[in-house]
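These notes are about the structure you will find just below.
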Amino acid sequence: MTTTIDVSGKENINLTFTKSNKGQLLLVLNGYLYKCNKKTANKKYWICTYKECKKSIHTNPNDVYVCGGTDPHDHEPNPDMIAARNIRNKIKERALQEIIPISMIYEQELSNSSINSTTIAILPTCQELGPTVTKVRAKIVPLLPQSYLFDIPDKFKETLDRNRFLLMDELIARRERILVFSSDHQLDLLFSSPIVCLPCAFCLLINKKAITYRHIFTELKQMATQRNKMFAPQVIMTDFETGVSPVIKSEFPSAHHYACFFHFIQAIFRQIQLRGMQCDYVSNEDFRILCRKLMALALMPRDQVFIGFEEIQAAADRLDGSQMETLLTYFEDNWLCNIDLWNVSRCDTRTNNVCEGEYTE
């Protein structure tokens, strides 16, 4: 962060300060950077950070300008690099003070800063800066607990506006702790929405057993009753977890349960990788088109899925040198038996990526 120093009485001298990558204070004057080389009781001695340049500035212990910095340097000034450094430092400072995603901080600082194209070119991308800022933020985040028995700091039990956020913290069995985070506003949205893309509440579970999911749904229903509402969604969309499907069917018998289209595609592509077909997928266009047609069956009308699958089988028989048959056998054994779960042709919302993106960005 740049700090302007009061230098009344020193005309045309404008000292500002920024920080190095290691957090050391750097003095800025006329587009040049100086680092503190020596301190005495009455003075600080700053020298140019460029190795071959010996130009210096003197300040008092309170960083008020005394003398120096007026002679020509042995190199050109670089105000664009300094501007990029200031933005980078601001991003780091905000990452320590705020819990919003680093990518959001990056975009906000970039849009709020009046910088030219050269500075933008010098500034590291969010992906490049991310690991460094994450390491900075890790210094203020509690270490991951080694046991399920741990205390949650008070600041993580509340929202930023000091309202309750920790909704549930209990042991349902030995060594099976459940943590659920949700604000009152989020609960109202959850209970009033006809379409639910799970996860809606932040449920931290120690396993993915059906009994655990049933306990969560039972508790949420009770909380809805306490708020004079009903937790009875018409449509529920989840990932492909074997433990949750039968529980949804029994707890919400009138709801339509769909699985996320994006995760459906992921599951098929994972099988392509496991069967060593990834090179064929990249280099063989005919093979790649058939794989994508297989994924696109989820978008076809329910009564045309079998017809589409048979067409893919016929095309695969004419494909030379591929292992498409093993992939089709896997699909037939694992997916055609429950088309209603993954066929999203009638869904307005076909993935839960938007829901997850709100929490992961």
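Derivation of every value follows stated rules applied to the coordinates shown; laboratory data play no part. All figures in this text were calculated on a predicted structure; none of them were measured in a lab. Positions of Cβ are generated from backbone atoms using ideal geometry, with glycine treated the same way; all protein chains shown enter the neighbour counts.
Computed values, structure above
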{"read-out": "Tilt relative to the chain, helix 102-112 - C-alpha long axis, 0 to 90 degrees, to 10", "value": "50"}
{"read-out": "Sequence-distant lysines (8 or more away, or on other chains) whose Cα lies within less than 24 Å of Lys293", "value": "none"}
{"read-out": "Listed residue (Tyr258, Ala224, Ser245) projecting farthest to the positive dipole end of the chain, Cβ model", "value": "Ala224"}
{"read-out": "Using alpha-carbon coordinates, inclination of helix 210-226 to the longest axis of the chain, degrees", "value": "80"}
{"read-out": "Label assignment, log10 I(q)/I(0) by the Debye sum over Cα atoms at q = 0.07, 0.11, 0.15 Å⁻¹ derived from the structure, set (i) -0.28, -0.71, -1.31; (ii) -0.55, -0.94, -1.26; (iii) -0.31, -0.81, -1.49", "value": "(ii)"}
{"read-out": "Extreme residue, positive dipole direction of the chain, given options Leu205, Tyr34, Ser114 (C-beta unit charges)", "value": "Tyr34"}
{"read-out": "Using distinct alpha-carbon pairs, which all enter the 1/r mean, Kirkwood radius of segment 244-307 in Å", "value": "13.8"}
{"read-out": "Top positive-direction residue, dipole computed over the chain with Cβ charges, set Gln271, Thr159, Asn21", "value": "Asn21"}
{"read-out": "Mean ellipticity per residue at 222 nm, deg cm²/dmol - from DSSP H runs of n ≥ 4 across the chain, formula -39500 (n - 2.57)", "value": "-12500 deg cm²/dmol"}
{"read-out": "Net dipole in debye of segment 156-246 [+1 Lys, Arg Cβ; -1 Asp, Glu Cβ; about Cα centre; nearest 20]", "value": "280"}
{"read-out": "Among 45-55, 158-168, the order from most to least packed when residues are scored by Cβ within 10 Å on average", "value": "45-55, 158-168"}
{"read-out": "Ranked packing of 223-230, 88-95, most packed first, by mean Cβ within 10 Å", "value": "88-95, 223-230"}
{"read-out": "Segment 261-342, dipole about Cα centre (Lys/Arg Cβ +1, Asp/Glu Cβ -1), debye to the nearest 20", "value": "320"}
{"read-out": "Distance violations [Cα-Cα > 18 Å] among Lys35/Lys92; Lys92/Lys135; Lys19/Lys92; Lys208/Lys249; Lys229/Lys249", "value": "Lys35/Lys92; Lys229/Lys249"}
